[in-house]
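Okay, so here's the structure we're looking at.
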Amino acid sequence: MVFMCKKCKKAFRKDMEVYEESDEYCPHCDNHYVIDAKEPKAMLSVEGEDARRDARMLKDERVKEDAKRSLFGQDVSDRLG
């Protein structure tokens, strides 16, 4: 494989079948060019469109919440079995 060092801007070849830990450095300037990979972490998130275009997902703190729209203030005992 052909690599190019970002520090000294020189190209060099490495045989990937006999790759060793010492091959992680540039042969010209000894720059460590191999970076450890970052593993993605599992997380839950909400994805939506651009908030500047469609702001329905965002809650406006300036507007008072209507009591009729809340599920906690309603009596739903007649709907339960």
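The values are calculated or read from the model by the stated rules, or taken from the named source; none is laboratory data. These numbers come from a predicted model, not from an experiment. Cβ coordinates were reconstructed from backbone atoms using ideal geometry, including for glycine residues, and neighbour counts include every protein chain displayed. The area values use the complete protein model at the heavy-atom level, side chains included, leaving out ligands, DNA and RNA. Shrake-Rupley method; radii C 1.70, N 1.55, O 1.52, S 1.80 Å.
Things to note:
- Global geometry of the range 35-81, whether rounded, prolate or oblate, following the gyration tensor of its Cα atoms and the 1.5 cut on a/c: oblate
- Neighbourhood net charge (13 Å Cβ-Cβ; Lys/Arg +1, Asp/Glu -1) for ASP23: -4
- The residues LEU58, LEU71, sorted by heavy-atom accessible surface at 1.4 Å with ligands and nucleic acids left out, run LEU71, LEU58 from largest to smallest.
- Its relative contact order, with pairs defined as Cα atoms under 8 Å and 6+ residues apart, puts the chain at 14 percent.
- In the chain, the portion of solvent-accessible area held by carbon and sulfur atoms comes to 52 percent [1.4 Å probe, whole percent, DNA, RNA and ligands not counted].
- Cα-based equivalent ellipsoid of the chain: semi-axis lengths in Å, sorted from largest, via gyration tensor: 61, 19, 10
- Look at the Cα gyration tensor of the range 1-41: its axes a ≥ b ≥ c give a/c of at least 1.5 with a/b at or below b/c, and that counts as oblate.
- Coil-residue trypsin sites (Lys or Arg not before Pro) of the range 28-81, DSSP, other Cβ within 10 Å capped at 16: LYS38, LYS41, ARG52, ARG53, ARG56, LYS59, ARG62, LYS64, ARG79
- Per residue solvent-accessible surface (Å²) - the chain, probe of 1.4 Å: 108
- Under 29 Å between alpha carbons - lysine pairs in the chain that sit 8 or more apart or on different chains: 9
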